[in-house]
Structure formats: structure tokens, C-alpha cells
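Undergrad: Here's a structure for you.
The values are calculated or read from the model by the stated rules, or taken from the named source; none is laboratory data. Since this is a predicted model, take the numbers as computed values, not measurements. All Cβ positions, even for glycine, are placed from backbone atoms using ideal geometry, and neighbour counts span all protein chains on display. Side chains included, ligands, DNA and RNA excluded: accessible areas come from the protein's heavy atoms. Shrake-Rupley method; radii C 1.70, N 1.55, O 1.52, S 1.80 Å.
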Amino acid sequence: MSSIAQVSEIMQTILTSRAKALERETGFVERSSAHLDGPRFSQTTVLTWMQTPDASYSQLRHTAASLGVQVSNQAIEQRFGPGSVHLMRALLEEAVGQVISSEAKAPEVLARFNGVYVQDGTIISLPPELKAEWRGCGGSTPEAGQSSLRVQVRLDLAQGGMQGPWLQEGRAAERSGEAHEAPLPEGCLYNVDGGYFTLAEMRAHGQAGCYWLTAAKAGTLLIDERGQCWDLVSFLQAQSGDEVDVQLYLGKRERLAVRLIAKRVSAQQAKQRRASATRSREGKPKGVQRPNERKRLAGDKRQRQRKQRKTGQARLQLLDWTILLTNVPQDRLSVDEALVLARCRWQIELCWKVWKQLGKLDTWRSAKPYRILTEIYAKLLGSVITHWVTLIECWQAPNRSLVKARQVVQWMAPVLALAVAGVVPLETMVQRTSHSMASGCTVNARRKRPATYQLIAHPQLIRRFG
């Protein structure tokens, strides 16, 4: 469980004693007279980027000075190298190993399960010089996609516990590695998209006592109770009503018993879905973002590309429906509740949105490979610490706002830096930060488009606004 004392102690341990113990082991410090040692370097980078994700060397220098270390911009720049990469990755792994959750009482729909887990990841493109450490997944030219990093996170919506972030090569399959193999507790609900499942894995989760919920894919084959084989499009076209909740089998050979839930959406929603499915999108700038970079690269297609989405005919036909597959029995989860929980997958997308848009996880000011990789690890560690502080009091509010919670930590990062360094009491500063979240980090109730917390409390609203 999370508490002010627990979060404070773990922050202090990772950013001081563990950073000190690992500084020589990772090659970051080679002589004892180093001014910017492991603890001061980790505190400077992590807490500066928590406050200002695009901080310059001068801003890093100011934080270091507030911690009692007088160094030049050049001295800070020279500290970024293989040693800083190894140090920050080791500290991140220390943080990932911590188990922290909220003491909040979960809403009734979530409390039925031993945790409701959502999981997703992102790929961060890296300079080609890092391909020996993190191999990429290729691109349209020999230079593109040589190096990239896949990052995955698992979040428990009931108690807020976070597993990960787990790091993989960009070329690694999403359904592989520690992120895929990390065990789930018996009686939980694994609420993820179809990319995390095969039929064999669905069966294995069920045999292990875990429930799962996922969106159906366009190419899904169904076997009805009479043994007739259907493709998903044909099966739904044969239905006369607007709602389907039936027991079927998946796969011609596997014959996995599943529950199919389908709800027809309004004509307006279907039209919006088709427009979204075929609309070209402009990607946001990533990678190096120095001051005036946008002006210099104005019109540069490599920085902002319009991506035309290609959607198959079968998928377009299925946009009239919201379609789910699950092994949760009907008496444990109604259709409305299943549709609401499927919407809750957006919470992990929101987590990544906060980390990437506010935390700028995939943008940086430097073009130096080791500085970039160090910055990514430091920002990930800062995001984990932010989540820990959020769990103390903010998670207890069903209408919490992760965006506003992140903003509070940004405002409080300078005093947290002083607290970790021992200038002021750390527990007091963590308490002030959590109290600030509790008093103002909420989402207002909405009448026309209910927020997620409103749907969880009243699943029947999905019929009017789904």
C-alpha cells in the first residue's frame, strides 16, 4: 500500500543511497573527487526534467547549484556518456521493482475482480548510433529505423499499481519479453487490445483462473452452437437486434469457448468512425527539438508526416458495431458493464499521452546518442515517481485527473529536489504535493459525454451516450 512515508523512503533510497552504490559499478564515477557524483547527477536530471522536460544545460546547472554542486554547462554535458546511461537504467530498474498501490476503495464494477489490468506500449525512435544496444524495426530507407526502443506499462485500474515500464528492442514483438510474461493474479481481469492475445494464450489465461476482455478482430472465425462456421461480418449481419450476447467458439481447430458481446452504434457514430478510420493524420515532431527547430525545419516532411490510414473492407463493415470477446460469465458482468470496462482501456492511452505530451518522453534538445538515452531513462524514472505520489491521495478520487496531477508534480519538483538532497524534510514536501493533488486534480462531471468515472459508477449511461 502507498503512504507518504513509504513513497518518501523509496524516493530517497533510489536517488541517494542506490545512486551512490551504483555509481562505480556502472562506470559513471571513476574518481572519488567527482563533484557531480551519482546521487547529485540523478537528482539533477530526474527532478529537472520532471519540472521542465525540455530543460537546457543551464537549467540542469541551476538545479545542481541548488543541491550544492557548482559546475559549468560543459561539465554537465561531459557527464553524459555510457556511464550515465548505465546508471540511469539501473535506477529505473530499481524503481520498477518496487510494489506500490493505492489504499483507495475501488468502484464496485472494478472491485469484483482481483485487479483490472490494462496494458499498452509505445516505440521511441533512437539515433542509429544506438543500434547495437536497441535494434530498430526498420524503415523506408537504410538509415531509418535502425534503432528504437519499445516501452510497455501495465496499470491496475482498481488500486493504481503500476508494473513496468519494461524495455525491449523496437523490433521485438509486442507479445514477448518480460512485459508479456509477467504473471497476473488469479481472479483478475486482463483488459487489453487484441494484439496481446492468441487463442492459445486466451485459453492459458482462463486455465490460470484469470478473466480477460478484448476487442474482436475483423478476421475472427466463429463456431455457433450448431457447429456452423461464420466470419464475424456475416454473423453480425445475420443478427436482427441491436445487441448480441452469446456463447460461441473461436477458431476451427482451437474451439475455444468465449462470450461474444456486440452492440450496434448509432448511424452518426458509425459515420464518425469511418471518417476517422480513413482520415490521414499528421504526426507530431519527435526526436531532437532544439530552440527555433520548428522554424528551421518548417515544411520538412521528415519531421511532420501525413499518414494515410488504410482500413480493410471487413473492418469498415464492422464499424457499425462495438464488438468484444471475453471469458467473464454473464452473471458476473453485464453487457453495459463490459462496454464500460472496454472504454477503460483509454486510461492506459491517457497515461502515455501524459508521459509523451507533458513529459516529452520522445523529444529532446540534444543530438548526442548517450545524452538522449540517459534522458529517456531519467524521464521514465520521473514518470514512475510522479505516479507513486499520485497514488497517495489523488487516486482515491474516482474523478481524478492525471494531467492535473502531473502539473502539480511539475510545480513541486524544485522543492522535492531540495528535499531529496536533505535541505528540507522530504516527507513534508511529499505530503504537500499529495495534498495539492487531492484538492484540485479532478475532472468535472459532464452531461452530454460522461467521463469514465461517471460510466464506471453508472454503467447504464453507456446506452444513452455510448
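Undergrad: Would you tell me the accessible area of Met412, worked out with a 1.4 angstrom probe on the heavy atoms of the protein chains, in Å² to the nearest 10?
TA: 40 Å²
Undergrad: Relative to the longest principal Cα axis of the chain, at what angle does helix 38-51 sit, 0 to 90 degrees, rounded to 10?
TA: Helix 38-51 sits at roughly 50 degrees to that axis.
Undergrad: Let me have the 222 nm mean residue ellipticity of the chain computed from DSSP H runs of 4+ only, each contributing -39500 (n - 2.57), with the sum over all residues rounded to the nearest 500.
TA: On the way: 20 runs with 190 residues, N = 466.
Using -39500 (n - 2.57) per qualifying helix, the result is -11500 deg cm²/dmol.
Undergrad: Could you give each residue of region 398-407 its phi-based ³J(HN,Hα) in whole Hz, using Karplus coefficients 6.51, -1.76, 1.60 with θ = phi - 60°, and x for Gly or Pro?
TA: Coupling constants for region 398-407: x, 9, 5, 10, 5, 5, 5, 5, 4, 4 Hz.
Undergrad: Explain nothing, just compute: Karplus ³J(HN,Hα) = 6.51 cos²θ - 1.76 cosθ + 1.60, θ = phi - 60°, for every residue of region 413-425 in order, whole Hz, x for Gly and Pro.
TA: So the Karplus estimates, Gly and Pro as x, are 4, x, 6, 5, 4, 5, 5, 4, 6, x, 6, 10, x Hz.
Undergrad: Let me ask you something else. Calculate, in nm to one decimal, what Lys353 and Ala275 gain on full extension: separation in residues at 0.36 nm each, minus their alpha carbon distance.
TA: Working: separation 78, 0.36 × 78 = 28.08 nm, distance 2.25 nm.
Between Lys353 and Ala275, full extension yields 25.8 nm more.
Undergrad: Could you check what % of the DSSP bridge pairs in the chain are antiparallel, to the nearest 5?
TA: Working: 42 of 49 bridges.
Among the beta bridges of the chain, antiparallel pairing accounts for roughly 85 percent.
Undergrad: Something else now. Using the Karplus equation 6.51 cos²θ - 1.76 cosθ + 1.60 (θ = phi - 60°), what ³J(HN,Hα) coupling, rounded to whole Hz, does each residue of region 374-385 give in order, writing x for Gly and Pro?
TA: For region 374-385, the Karplus curve yields 4, 5, 4, 4, 5, 5, 5, 5, x, 5, 5, 4 Hz.
Undergrad: Enter the accessible area per residue of the chain (Å², integer; probe 1.4 Å; all protein chains in place). List each step's numbers first, then the result.
TA: Values: 22150 Å² over 466 residues.
Dividing the accessible area of the chain by its residue count gives 48 Å².
Undergrad: Determine the relative contact order of the chain: mean sequence separation of Cα pairs under 8 Å and six or more apart, normalised by residue count, in whole percent.
TA: It comes to 20 percent, rounded to a whole number.
Undergrad: Then there's this: Given 20 Å bins starting at zero, what is the percent of C-alpha pairs of the chain in each, up to the one with the largest pair distance?
TA: In whole percents, the pair-distance histogram is 22, 52, 24, 2.
Undergrad: Note down the nm distance, to one decimal, between modelled labels 7 Å out along Cα→Cβ at Ser176 and at Ala21.
TA: 3.3 nm
Undergrad: Evaluate the relative contact order of region 131-207 (contact order divided by residue number), counting alpha-carbon pairs under 8 angstrom at least 6 apart; express in whole percent. Spell out each step's value before the answer.
TA: Numbers: 85 pairs, mean separation 17.2, N = 77.
Contact order relative to length: 22 percent.
Undergrad: At 25 °C and 0.890 mPa s, what whole-number value in µm²/s does Stokes-Einstein give for the translational diffusion of region 80-155, with Rh from the Kirkwood sum over Cα pairs?
TA: 156 µm²/s
Undergrad: I'd like the accessible area for Val29, computed on protein heavy atoms only with a 1.4 Å probe and all protein chains in place. Round to 10 Å², please.
TA: Estimated to the nearest 10 Å², Val29 gives 10 Å².
Undergrad: May I pose another question? Can you return the aspartates and glutamates within cross-link range of Lys271? Criterion is Cα-Cα under 15 Å, with same-chain partners fewer than 8 residues away left out.
TA: Asp320
Undergrad: Please report the accessible area of Thr63 (heavy atoms, 1.4 Å probe, ligands and nucleic acids excluded) in Å², nearest 10.
TA: We get 20 Å² for Thr63.
Undergrad: Quick one: give the max-minus-min coordinate of the C-alpha atoms of region 154-200 along each principal axis, largest first, in Å.
TA: Each principal axis gives a Cα extent; for region 154-200 these are 32, 26, 16 Å.
Undergrad: Starting from the alpha-carbon convex hull of region 101-256, give the projected area averaged over all orientations, in nm². Each step should come with its number before you reach the end.
TA: Numbers: hull surface 50.9 nm².
Here the figure is 12.7 nm², rounded to one decimal.
Undergrad: Probe radius 1.4 Å, ligands and nucleic acids left out: which of Arg175, Arg112, Arg371 has the largest accessible area, and how do the rest follow?
TA: Numbers: Arg175 90, Arg112 65, Arg371 10 Å².
If we order Arg175, Arg112, Arg371 from most to least accessible, we get Arg175, Arg112, Arg371.
Undergrad: So, in Å, what gap is there between the alpha-carbon centers of region 149-194 and region 35-78?
TA: 32 Å
Undergrad: Measure off 7 Å from each Cα along the Cα-to-Cβ vector at Ala267 and Trp230, then give the distance between these two points in nanometres to one decimal.
TA: 2.4 nm
Undergrad: Would you mind checking the tilt of helix 426-440 against the longest principal axis of the Cα atoms of the chain, expressed as 0 to 90 degrees and rounded to 10?
TA: Computed tilt is about 40 degrees.
Undergrad: Contact order normalised by length for region 1-82, with contacts defined as Cα pairs under 8 Å and 6 or more residues apart; what percent is it?
TA: Reported as a whole number, the value is 24 percent.
Undergrad: Carbon and sulfur together cover what percent of the accessible area of the chain at a 1.4 Å probe radius? List each step's numbers first, then the result.
TA: Values: 10600 of 22150 Å².
About 48 percent, which is the carbon plus sulfur part of the accessible surface.
Undergrad: Of Lys263/Lys353; Lys353/Lys404; Lys20/Lys368, which pairs sit farther than 20 Å apart, going by alpha carbon to alpha carbon? Mind showing how you got there, number by number?
TA: Details: Lys263/Lys353 28 Å; Lys353/Lys404 13 Å; Lys20/Lys368 25 Å.
Over 20 Å apart, Cα to Cα: Lys263/Lys353; Lys20/Lys368.
Undergrad: Here's another thing I want to ask about it. How big, in percent, is the set of alpha carbon pairs in region 16-119 lying more than 19 Å apart? Let's see the in-between values first.
TA: On the way: 2815 of 5356 pairs.
Of all Cα-Cα pairs in region 16-119, 53 percent lie more than 19 Å apart.
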